[in-house]
Amino acid sequence: MRWLKCICFILVLNAFPGFSKDKKLDSLISLYTKAESDTDRINKYADIGAYIASKGNRKEAITYYQKIINTFSKSYPQKGIDAKNKIALNYVFIEEYDKADSLAKQVIEESTKLNYQKGIGFAHRNLGLANTYKGKYKEAVVYHLKALKIWEDTKNIKMICMSNSDLGIVFYYQVNNEKAAFYWENSIKNNPDKESDDYISNCANLGQAYVGLGAYDKASESFKKVLRHYAGDKNSSSYTNALGGLANIEYLRKNYQQALAYYDEIIKLREEGKGRNNDLAITYLNVCSIYIALGNHKEALAYGLKGYAKTLESEDKHQLLQAYTNLKTAYAQSGNYEKALEFSQLYTNLQDTLTNIESKKQINELDKQYQTEKKDKENQLLNKQLEIQQIQGRQQKMFLIISSVVLVLICMLSIVLFNQNKQKRRANVKLEVKNKIIEEQHKDIIDSINYAKRIQQAVLKEEEHVSKHLPPHFILFKPKDIVSGDFYWALEKGDYLYVTAADCTGHGVPGAFLTMLGISYLNEINAREEILTPAEILDQLRNKIVQELSKHGTTKDGMDISLMRMHLRSKEIMWAGAFNPLWYIESGILKEIKADKQPIGYVEQPKPFTNHTLYLNTNDTVYLFTDGFADQFGGIKGKKYKYKQLEENLLANCHKPFEEQKEILNKSFDVWKGNLEQVDDVTIIGIAVI
């Protein structure tokens, strides 16, 4: 059978014209024919498939991996799974994302039955890549995080680096350069092989993130490192990506002719090679942007339409948004306002669709997770009660038997006692086994909630991201449980900056559902072009919350909220609140604007929310907060902290740097709480007027 497999394999290789001219391929074929075991043959077969794929012949590579499945998967199921993962990855590269998605899910099912963690990890990675290129970024993050957890559990350093790299790409596509740089720096830091292709590729990626952050010198250094590494292989996508990075830097520095020179070289290499459609699409659209900047609408339209055509082939939603924007501008420059309006509307519709789909899917995922955890917990409690009842029934029955035997035959007491002790030992062993099972199930529940925390943190803006255009400020955010019922939210729109601190009904997982709903609706309400006042936003938010929750029979849930709008140039502050007030310190005096006494939720006679306008002086401070800090029990007598003491704390420290204010508040809270339980989620935001 072994010689027959070798003959069949050689016949397959000879079916592809031109391969005999490839010395590297001939060498791989020779190694295959000399292999002495099936395992070695599978590995050599996989090497040939990988080499063919590296040359751009990915469809042909798929046929080689399929041969491994057909010939060896029954005897070596894990090798068959590895081959299927390779096929799914190649489907991604030839942009057949639905095939990649379907095959990866099949692999997860097969790998789970075999408890093959490597197979599950690679399948999740393939799903993450497919969803990334389809523009489904939330799903992509979830899949990549699952893969990363498997690599961390199995201590697979190479794949830990790869998953960090994949996550960097997802966040880069979402224009979150800080987060993208964080993951790419992690990948580079953890990679021990500083000359590997993976390491150099991440240098290129990190260069793109540095460009987005405005660190052009650091970005150029990263790109030039890539060019030196791939100087002998200019057809490599990493080489052309690095050229693109340098071109983008020159574009941002307004050195347009130098940027065009880089892009001309890229286009020549990519049109001759076999890169993905979205690689060429990116290049054409970037050249279009340069000609728009130069006012050459004829060339801008030519390259914009070429990029648009390639983007339609690749189905990359992120690049489609860029194509719509470029064509809208180019047509407007040429005076064709009808076409400019058409592409402007396409851009708006696609952006709204992506935003709504991602938010709703994330909420559905949290809801599904919560319902599963709730059902598991109920089943655990029921099983434990039944087990206790069964044990008690057996013990009672044994007691009656022993009592009867004692009354009839005193002489057999020792035998009866021995039997009773034996039964108790067995019962105790069973109890220990059941308790261990319950402990493991409890750990699974906690792990699931911790995973929900990752998702919630991905939605909440990090303080560094929130602070991008804010004056000096701090955010004190202390969830009571693993996930929070409090949330903060910020949005820059035109010359205005919106900042919110909100407290949803409940805390923990139930409260977290409402935070996701609140953030989703705030994004949806402000997705339109008009500039809304805080009161208008609260009115619309209340309508959406009441309408949504009433569908499910819920009318009492909602949130208390403090919402501020700051004009970034005039420093005019407009504010509205639902139960939560606004505090500000003006000339060393703390003042308060009271909120409307109605929640963001159902009330019998709702009234429109009220706008309040302030004009503060330089170095005055504004504070938005929820009630968690003031309501915390503690101190010597175990009483509430109260708002009066919070006022005194803020007044005493308002002149200090914000990081120090935050640390003082945090320590005050912990000292006051002592050994008592935290009673609620805590959020305090302080912002200086400059």
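Throughout, read-outs are computed from the coordinates displayed, never taken from laboratory work. Here the structure is a predicted model, which is why all the values come from computation and not from measurement. FYI the Cβ positions are ideal-geometry reconstructions off the backbone, even for glycines, and counts take in every protein chain you see.
Charged neighbours of I267, selected by a Cβ distance under 11 Å, balance to -2 (K, R count +1; D, E count -1). The tail of the calculated P(r) for the stretch 514-598 beyond 20 Å holds 42 percent of all Cα-Cα pairs. Based on every Cα atom in the stretch 35-156, Rg and the maximum pairwise Cα distance Dmax equal 14.2, 47 Å. Between the C-alpha center of the stretch 474-511 and that of the stretch 120-135 there is a gap of 30 Å.
In this calculation the C-beta distance from S587 to I157 is compared with R0 = 56 Å, giving a FRET efficiency of 0.45. The trypsin sites (Lys or Arg not before Pro) of the stretch 248-318 that meet both conditions, a loop assignment by DSSP and at most 16 other Cβ atoms within 10 Å of the site Cβ, are R253, K254, K274.
Across every pair of different alpha-carbon atoms, what Kirkwood hydrodynamic radius in Å does the stretch 112-217 reach?
Hydrodynamic radius (Kirkwood, Cα only) of the stretch 112-217 equals 13.9 Å.
Model label sites at A527 and Q390, defined 7 Å from Cα along the beta-carbon direction, differ in position by 5.2 nm.
Dipole size of the stretch 574-661 about its Cα centre, with +1 on Lys/Arg Cβ and -1 on Asp/Glu Cβ: approximately 360 debye, rounded to the nearest 20. Among residues other than Y91 whose Cβ falls under 9 Å from its Cβ, what is the net charge (Lys/Arg +1, Asp/Glu -1)? Local charge sum for Y91: -2.
Please state the shape class of the stretch 460-688: rounded when a/c is under 1.5, otherwise prolate if a/b exceeds b/c and oblate if not, all from the C-alpha gyration tensor. Cα axes put the stretch 460-688 in the oblate bin.
Annotation for L294 and V408: the two label points, set 7 Å from Cα along the Cα-Cβ direction, are 10.9 nm apart.
Here the simple spin-label model places points 7 Å from the Cα toward Cβ, and for N619 and E663 these points are separated by 2.2 nm. Considering all C-alpha pairs of the stretch 241-349, those separated by over 20 Å amount to 36%.
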